[in-house]
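Written out below as structure tokens is the structure these notes cover.
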Amino acid sequence: MISFITPMRRPDPTEIERIRSMLPKGSEFIVVSAPGGAAHARNIGAAAASGDVFVFVDDDVQLITDWDWDAWLKRDWQFAVAELYWPAPRVNRFMMRAESTLLDVLIAVFHYKLFMSGFAAVRRKAFEAVGGYNESVVFEEHVITMDFYRHHFRGARLPVRVKMLRKWHGWSPTNDTTSRGKEHPPPKPGEVLVLRT
């Protein structure tokens with residue numbers, strides 16, 4: 001079972017269906033709207049997931065791929081990232097292009113598998129071994145990536161392209177989606193939706 005996990009500030013039925021429609025059939029889709037930031041929401045989703053592989057997908061992306069999990073899971077990796085991140089035309093501004101290019105160069109040229117949540121897959125055992133996302137830092141995606149490398153987990157690029165639909169503030173220390181400095185309450189009823197694709 002593959003469990004897709006998406007944090008969403010407010011569970012918008014239209015957006016939920018848009019994301020659900022681009023995921024492979026037969027997978028689990030978990031939408032978390034609990035407050036406390038993105039890292040907290042992702043950890044809540046992982047705790048609710050039944051899959052052996054977690055895939056973190058932001059609510060502001062479009063994934064472009066031909067899903068072939070049977071083949072992908074036979075490869076030797078514990079965590080995986082998309083092969084390309086690029087802004088959609090309506091947000092294709094200089095800084096978005098610059099940040100996307102930097103990210104793609106890090107992944108493709110320097111082989112640094114940055115666990116970016118636009119699309120980031122991890123086997124359950126690896127996620128649990130590093131303790132999930134660190135909820136007390138600003139750049140939780142970089143921190144969990146370093147945790148994977150410290151544990152000598154192998155990363156891979158999967159043939160998934162991520163089209164970003166909103167302006168990205170991922171490198172900003174004032175990014176308001178971070179979990180740092182926020183309360184991390186347990187989810188209330190209705191803040192975790194477990195769906196099937």
## Note on the structure
Of the residues in the range 42-57 that are not hydrophobic (A, V, I, L, M, F, W, C) and not in a loop (DSSP other than H, G, I, E, B), the one that is surrounded by the most Cβ atoms within 10 Å (Cβ to Cβ) is R42
### Task
Give the number of residues within the range 114-134 that are in a loop (DSSP other than H, G, I, E, B), out of contact with any Leu (no Cβ under 9 Å at 6 or more places or on another chain) and modelled with pLDDT of 85 or more.
6
### Message
Within the range 99-113, take every residue that is in a helix (DSSP H, G or I) and not β-branched (V, I, T) and give me the one that is surrounded by the most Cβ atoms within 10 Å (Cβ to Cβ).
### Response
L103
### Message
Looking only at residues that are touching a Phe, Trp or Tyr at 6+ places or on another chain (Cβ under 8 Å) and part of a helix (DSSP H, G or I) in the range 83-96, which one is surrounded by the most Cβ atoms within 10 Å (Cβ to Cβ)?
### Response
M96
### Task
Could you tell me which residue of the range 1-41 is surrounded by the most Cβ atoms within 10 Å (Cβ to Cβ), considering only residues that are polar (S, T, N, Q) and out of contact with any Gly (no Cβ under 7 Å at 6 or more places or on another chain)?
T6
### Leading residue by the ranking (surrounded by the most Cβ atoms within 10 Å (Cβ to Cβ)) among those in the range 114-136 that are under 15 Å from A41 (Cβ atoms) and among the hydrophobic types (A, V, I, L, M, F, W, C)
A120
### Task
Could you please let me know if T6 is of a type in the set (S, T, Y) and either touching a helix residue (DSSP H, G or I) at 6+ places or on another chain (Cβ under 9 Å) or assigned to a strand (DSSP E or B) (or both)?
yes
### Task
Among the numbered conditions (1) in contact with a Lys or Arg (Cβ under 9 Å, 6 or more places away or on another chain); (2) in contact (Cβ under 8 Å) with a residue 24 or more places away in the chain; (3) within 21 Å of A47 (Cβ to Cβ), tell me where V91 comes up short.
(3)
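The values are calculated or read from the model by the stated rules, or taken from the named source; none is laboratory data. What you are looking at is a predicted structure, and each value in this text was computed from that prediction instead of being measured. Methodologically, a virtual Cβ is constructed for each residue, glycine included, from the backbone with ideal geometry; neighbour enumeration extends over all protein chains shown.
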